[in-house]
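Participant: Quick one: the structure is below, and I'll ask about it shortly.
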Amino acid sequence: MYDPICKFLAENYSMDFARWLLGREISLTRLSPSELSLEPIRADALILLQSEREVLHIEFQTEPDPKMSFRMLDYRLRVYRRFPDIPMRQVVIYLKKTFSPLVEQRVFELEQTRHQYEIVRMWEVQPAQLIDETGLLPFVILSDTQNRVATLEEVARRIEGIENPKDKSNISASTAVLAGLILEKETIKRILREEIMKESVIYQEWIETATAEGMARGLAEGRERGLAEGKAEGLKEGLKEGLKEGLKEGEAKLILKQLARRLGNIPESLIEAIQNLSLDKLEELGEALLDFTNLESLVTWLGENN
């Protein structure tokens, strides 16, 4: 959920990010990864903002990635092919505090090749750098602050002052999601007004994702309990098989709904392949689909699990 939230904020409040990361007010527009043939390498998380004079590339990371430096070089070269005369700023923003040395890495080196990019560790950023920009308010809770609860309360006060209702609901919902990286859900709900968040498309997607995940877990737990009780009561093998088939059908429907929500229309051939999966494989797919970025991800998974 964090990737799409960050991408939404960067693309819809690009001026705020330009002031923060570039140090100047510059109008940026979204550059589609499809123009750069980037689909094979996590194009869903790739944020490219373009002006006439510069391309800003932002990567948000909740966990360190050993391949990050290579990916940054790869992105740079692809943008260079498309825009050889436009300079590019690349920034990796690490959201969640970690002591991994990978979050210090900012250079890719290979024989005579050397590529450097910028890194931002949110837990080292001063709140004052973010608090005055609407699009950056959701990140304040992740910054260098001693009292997270008091910081979230201050962010909530700033959100209350946003005049545009759409901006207010989207920023509130985005803040709630990112605050979940470091604060308990009950604390977040106590401070941020849920009635404001409910107006946001982000909030609706967040709730639907959480509900779907909960239903999937519930189905898995119910299956285990049902089978255990069936053995204890000596139910016939046919009844147990019927239970399994019912659970399988229900889980397949749920997963297809999640996939359609995440990837768009699912081809009939893939729907049939999913419906033919065993219950165990459906449960594995229910977990794996959270990492899918496009239909190719689904095709690859099915090819490896059939």
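Participant: Assuming 0.36 nm per residue, please report the length gained on full extension of the stretch ILE26 to LEU181 beyond their Cα-Cα distance.
Facilitator: Gain on stretching ILE26 to LEU181: 52.8 nm.
Participant: What are the ³J(HN,Hα) couplings of region 105-115, residue after residue, when phi is run through the Karplus curve with 6.51, -1.76, 1.60 and θ = phi - 60°? Round to Hz, x for glycine and proline.
Facilitator: Working through the residues one at a time gives 6, 9, 9, 10, 10, 8, 6, 9, 9, 9, 10 Hz.
Participant: State in Å² the accessible area per residue of region 93-144; use a 1.4 Å probe, count heavy atoms of protein chains only, and round to the nearest integer.
Facilitator: Here the residues of region 93-144 average 53 Å² of exposed surface.
Participant: Please state the shape class of region 47-105: rounded when a/c is under 1.5, otherwise prolate if a/b exceeds b/c and oblate if not, all from the C-alpha gyration tensor.
Facilitator: The shape class here is prolate.
Participant: So for VAL299, VAL140, what's the accessible-area order with a 1.4 Å probe, most first?
Facilitator: From most exposed to least exposed: VAL299, VAL140.
Participant: Please list, in order along region 63-70, the HN-Hα scalar couplings obtained from phi with the Karplus expression 6.51 cos²θ - 1.76 cosθ + 1.60 (θ = phi - 60°), rounded to whole Hz, x for Gly and Pro.
Facilitator: 10, x, 10, x, 9, 4, 4, 5
Participant: Give the long-range amide H neighbours of GLN90: residues separated by 5 or more places, or on another chain, with amide H under 5 Å away, using H modelled in the peptide plane at 1.01 Å from N.
Facilitator: Long-range HN contacts for GLN90: HIS57, GLU118.
Participant: Mind checking the full-extension length gain between MET15 and ILE86? Use 0.36 nm per residue of separation minus the Cα-Cα distance, one decimal, nm.
Facilitator: Extra length available between MET15 and ILE86 comes to 23.7 nm.
Participant: Can you give the local net charge around THR113? Use residues other than it whose beta-carbon is closer than 13 angstrom to its beta-carbon, Lys and Arg +1, Asp and Glu -1.
Facilitator: Cβ neighbours under 13 Å give a net charge of -1.
Participant: Still on this structure, I have one more. Residues with beta-carbon under 15 Å from that of GLU186, excluding GLU186: net charge, scoring Lys, Arg +1 and Asp, Glu -1?
Facilitator: Cβ neighbours under 15 Å give a net charge of +2.
Participant: In this model, which of LYS189/LYS253; LYS7/LYS189; LYS7/LYS97; LYS96/LYS168; LYS67/LYS96 are farther than 26 Å apart at the alpha-carbon?
Facilitator: Over 26 Å Cα-Cα: LYS189/LYS253.
Participant: Considering amide H positions built from the backbone, and no H for Pro or chain starts, which residues 5 or more places from VAL125, or on another chain, come under 5 Å of its amide H?
Facilitator: ASP144
Participant: Under the rule a/c < 1.5 gives rounded, and otherwise a/b versus b/c splits prolate from oblate, where does region 51-170 land using the Cα gyration tensor?
Facilitator: oblate
The values are calculated or read from the model by the stated rules, or taken from the named source; none is laboratory data. Treat the numbers as computed from the prediction; the structure is a model and nothing was measured. Backbone-built Cβ (ideal geometry, glycine too); neighbour counts: all protein chains shown. Surface accessibility is based on the protein's heavy atoms, side chains included, excluding ligands, DNA and RNA. Shrake-Rupley method; radii C 1.70, N 1.55, O 1.52, S 1.80 Å.
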